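Reviewing the structure listed below.
The values are calculated or read from the model by the stated rules, or taken from the named source; none is laboratory data. If you're wondering where the values come from, they're calculated on a predicted model, not measured in any experiment. Ideal geometry is used to build each Cβ from the backbone, glycine not excepted, and the neighbour counts take in all protein chains shown.
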Amino acid sequence: MNMKLIVDSGSDLPQDILNQYDIDMVSLIVHLDDKDYYDRENIESIAVYEAMRSGSVPKTAQATPETFYEYFKKYVEADTPIIYLAFSSELSGTYQSATIAKQQIEEEFDNPEIYIIDTLAASMGHGLIAYHTAKAIKNGGDIQDVLDTANFYVNHMVHVFTVDNLEYLQRGGRVSKAQAFVGGLLKIKPLLHVDEGKLVPLEKVRGAKKVLGRMVELTKERGSKIEDQTIAITHGDDESNAVKLAEMLREELNPKDIIIHPIGSAIGAHAGPGTIALFFLDNVEI
């Protein structure tokens, strides 16, 4: 069945996967030094990180209802069912923008097929959900099969990540000033995860070297049949540590495949340079 899969740039999906599965990507907005940019269209994350290191404080904004309206209208007019997988509604208003656009389309067209799923995920957690959903479409599943696949991965995706500097999360209101100050002073590396779409502190690890090892341990504790999984690692301008983590995971758990990709501008504007994030499925039969 012909259907169109849409994601937003909060998914951090590599361009080759977008191309291979013909996935449309809606850009989130990055406001930097008095200018608005569209994530991955006219700004790359490296520019955001360099600005942050120099003291700039980028801000982000959701994609607008008007943007989604134009995407949706094009496919509805072609009688193509649409599945939009949204960046967590707890972290962005983009899901709400898409919902507003859907309501507008429903007022103008008879029985448009638009399915919006809140992934409750970010970066390649969101991206892996989209990747498996795209494969379900390519394998010829009907609309319910594809939606079931998407929801399965939404319900079982694990995020584990660390940031290099708590100051960046503090600026975005994710941790308190006191936590950021003490963390920096003691060289504490926080480990965080995503729970019901929200960023939640998991534990603190003293020293950068121990963090990657603890991420591998958490994969053993929380993951299932990693040898059968495609897992993902994203990074904030820190490919060397992303590769190191991948090597450790291959040695300990031998996953079927590992996707490594930079974190985009929209998420990077909050997490900051030096972020390392890991995504896999929890203890579930695949």
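There is no residue in region 76-86 that is in a helix (DSSP H, G or I), closer than 30 Å to Asn155 by Cβ and of a type in the set (Ser, Thr, Tyr). Just to be sure I understand, how many residues within region 202-228 are more than 12 Å from Val160 (Cβ to Cβ) and of a type outside the set (Ser, Thr, Tyr)? So the count comes out to 11.
If the condition is being more than 27 Å from the chain's Cα centre (by Cα) and either closer than 20 Å to Ile143 by Cα or of a type in the set (A, V, I, L, M) (or both), then region 105-123 contributes Glu106, Phe109, Asp110, Asn111, Pro112. Residues in region 28-53 that are touching a Pro at 6+ places or on another chain (Cβ under 9 Å) and without any contact (Cβ under 8 Å) to a residue 12 or more places away in the chain: Glu50 only. The condition of being outside any helix (DSSP H, G or I), modelled with pLDDT of 95 or more and surrounded by 19 or more Cβ atoms within 10 Å (Cβ to Cβ) holds for only one of Leu91, Leu13, that being Leu13. Of everything in region 275-286 that is over 12 Å from the mean Cα position of the chain (by Cα) and part of a strand (DSSP E or B), the residue that is farthest from Met157 (Cα to Cα) is Ile276. Quick one: in region 113-140, which of the residues that are under 13 Å from Lys4 (Cα atoms) and assigned to a loop (DSSP other than H, G, I, E, B) is modelled with the lowest pLDDT? The residue in question is Gly140.
Could you tell me whether Ser123 is out of contact with any Cys (no Cβ under 7 Å at 6 or more places or on another chain) and either under 19 Å from Ala271 (Cβ atoms) or surrounded by fewer than 15 Cβ atoms within 10 Å (Cβ to Cβ) (or both)? Criteria met by Ser123. The set of residues in region 244-269 being in a helix (DSSP H, G or I) and buried (at least 22 other Cβ atoms within 10 Å of the Cβ) consists of Leu245, Leu249, Ser265, Ala266, Ile267, Gly268, Ala269.
Taken over region 1-29, the criterion of being among the aliphatic types (A, V, I, L, M) and touching a Ser or Thr at 6+ places or on another chain (Cβ under 7 Å) is satisfied by Met3, Leu5, Met25, Val26, Leu28, Ile29.
Working carefully through the options Gly197, Gly272, find the one that is outside the structural domain of Tyr49 (by TED's automatic domain parsing) and farther than 25 Å from Tyr153 by Cα. Matching residue, one of Gly197, Gly272: Gly272.
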